[in-house]
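Okay, structure first, notes after.
The values are calculated or read from the model by the stated rules, or taken from the named source; none is laboratory data. Since the model is a prediction, treat every value here as computed from it, not as a measurement. Every residue, glycine as well, gets a Cβ built from its backbone with ideal geometry; the counts of neighbours run over all protein chains shown. The accessibility values were calculated without ligands, DNA or RNA, using every heavy atom of the protein model including side chains. Shrake-Rupley method; radii C 1.70, N 1.55, O 1.52, S 1.80 Å.
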Amino acid sequence: MKCKTVAVLTSGGDAPGMNAAIRAVVRSSISKGIRPLGVMRGYSGIVSRDVFEMSIQTVSDIIERGGTILYTARSPELLTEEGILKAAKACRDMKIDGVIVIGGDGSAKAAHKLSEKGIRCVCLPGTIDNDIACSENSIGFDTAVNTAMFMIDKIRDTAQSHDRCSVVEVMGRKCGNIALHVGIAVGATSILIPECDFDFEKDIIERIFFSQKMGKKHFIIIVAEGLKIASKITSEITKRTKIESRATILGHVQRGGPPTAFDRIIASEMGCYAVELLFSGIGNKVIITKNNKISSVDISTAINSKEEFNLGLYKKALEISM
Ligand code: F6P
């Protein structure tokens, strides 16, 4: 079947670089003679048929903008049989030959269900968490890590001026990738992530005392949000070490702002690749990066695989962070 119309949507938490991906999808589609439709507010926009025809102009001046011009939503109802049937019917009624979904793992699960109903879907990993199994990168992760790093550089100035310990919680849901990368980039004394057990005495207090012995007077501890322990360990650290400590929860600042060059580039490449797949009649795929190359895997492979945590990098981080 010839691919004449492609719909693009963003779903789940927004991520910097989503706009660059939308732009690539729209322009690459137009250059192949495909009609691109923009879907508003994720999957719910398919069901409510809130779609509009996109042009080269509608995606002008968006490559540098965070967020998503198509808006986004978390739509758990789309994972129900009824929701999927409604979405599939709407796609058929609107003569949509393929759907490009930019989002995280929940969005990929919905795309898989939609594919099972005969709608060709291709997913782009768009999430700051970088927790899509099979892909080394997701759109937004690099920007989030850089944003958190710049914020923590500022926190360090004040921690240093007061000889304090700053405990900083970074986003990432149950995935420690942001915490690990940020922890390395800011030279944290401890990095606490859901993937690895930790011992308060050995992995925090002893490391602080060791650094103190080496002459350090201020400390940065990075905590992944999935652990939900930032404020608790902050008061424990003060009690145990007598070092004045403060907790900072970075929160949604990590999700906004202009995407880095890296995120703009992978978003653009992935967007073009997704259109090529649909143009060749291929669907039910997630675009991934492996060894810095773009390719794809079946959606079922991506959603049924476990994200491999980089334990080697974590061990190196502990070796050099003090
Ligand atoms: O999945 C992206 C993410 O930013 C997570 O890191 C975080 O746990 C979650 O979304 C926050 O979701 P919300 O914006 O709905 O509060």
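Short version: what are the Cα gyration tensor semi-axes of the chain, square root of 5 times each eigenvalue, largest first, in whole Å?
Equivalent ellipsoid semi-axes, largest first: 42, 18, 16 Å.
Ordered by packing density, taken as the mean number of other Cβ atoms within 10 Å over each peptide's residues, highest first, how do 14-23, 188-197, 249-258 rank?
Packing proxy ranking, top to bottom: 14-23, 188-197, 249-258.
What share of all Cα pairs of the range 144-255, in percent, falls into each consecutive 10 Å distance bin?
In order of increasing distance, the bins hold 16, 53, 29, 2 percent.
For the range 70-109, which GluC sites (Glu not before Pro) are both in a DSSP coil and crowded by at most 16 other Cβ atoms within 10 Å?
none
Pairs of alpha-carbon atoms within less than 8 angstrom and 6+ residues apart define the contacts here; what relative contact order does the range 144-255 have, in percent? Don't skip to the answer; put the middle values down first.
Working: 193 pairs, mean separation 45.4, N = 112.
With pairs under 8 Å counted, the relative contact order is 41 percent.
What is the sum of charges around K315, taking Lys and Arg as +1, Asp and Glu as -1, for the other residues whose C-beta is under 13 Å from the C-beta of K315?
So the surrounding residues net to -2.
Averaged per residue, what accessible area in Å² does the chain show with a 1.4 Å probe, protein chains only?
Using a 1.4 Å probe on heavy atoms only, each residue of the chain averages 44 Å².
Spelling out what I want: for every residue of the range 215-227, take phi, set θ = phi - 60°, compute 6.51 cos²θ - 1.76 cosθ + 1.60 (Karplus), and round to whole Hz; glycine and proline get x.
x, 7, 10, 10, 9, 10, 10, 9, 10, 6, 4, x, 7
Gap in Å between the Cα centre of the range 217-285 and the Cα centre of the range 1-69?
24 Å
For the range 134-140, what does the Karplus curve 6.51 cos²θ - 1.76 cosθ + 1.60, with θ = phi - 60°, yield as ³J(HN,Hα) per residue in whole Hz, taken in order and with x for Gly and Pro?
Each residue of the range 134-140 in turn: 5, 10, 5, 10, 10, 5, x Hz.
Net charge around G183, counting only other residues with Cβ within less than 15 Å of its Cβ (Lys, Arg = +1; Asp, Glu = -1)?
Spelling it out: positives minus negatives among the neighbours equals -2.
Sequence-distant or interchain residues sharing an amide H contact under 5 Å with I229, placed H: which?
When sequence neighbours closer than 5 places are left aside, there are no close amide H contacts.
What are the residues whose amide H is under 5 Å from the amide H of N137, where those residues sit 5 or more places off or on another chain and H is modelled from the backbone?
The answer is T289.
Quick check on the chain: of the DSSP beta bridges with both residues there, what percent are antiparallel, nearest 5%?
Percent antiparallel among DSSP bridges in the chain is about 20.
What pairs from K232/K306; K86/K174; K213/K242; K32/K109; K2/K290; K202/K306 go past 22 Å between their alpha carbons?
Values: K232/K306 30 Å; K86/K174 31 Å; K213/K242 15 Å; K32/K109 28 Å; K2/K290 29 Å; K202/K306 29 Å.
Distance filter (> 22 Å) returns K232/K306; K86/K174; K32/K109; K2/K290; K202/K306.
Return the long-range amide H neighbours of G17 (sequence gap of 5 or more, or a different chain), with a cut-off of under 5 Å between placed amide H atoms.
Answer set, sorted by chain and number: G67.
Roll a 1.4 angstrom probe over the protein heavy atoms and tell me the percent of accessible area of the chain that is carbon or sulfur.
Carbon plus sulfur share of accessible area: 53 percent.
Figure the gain on full extension for T241 and S60 (residue separation times 0.36 nm, minus the Cα-Cα span) and round it to one decimal in nm. Walk me through the numbers on the way to the answer.
Working: separation 181, 0.36 × 181 = 65.16 nm, distance 5.41 nm.
Length gained between T241 and S60: 59.7 nm.
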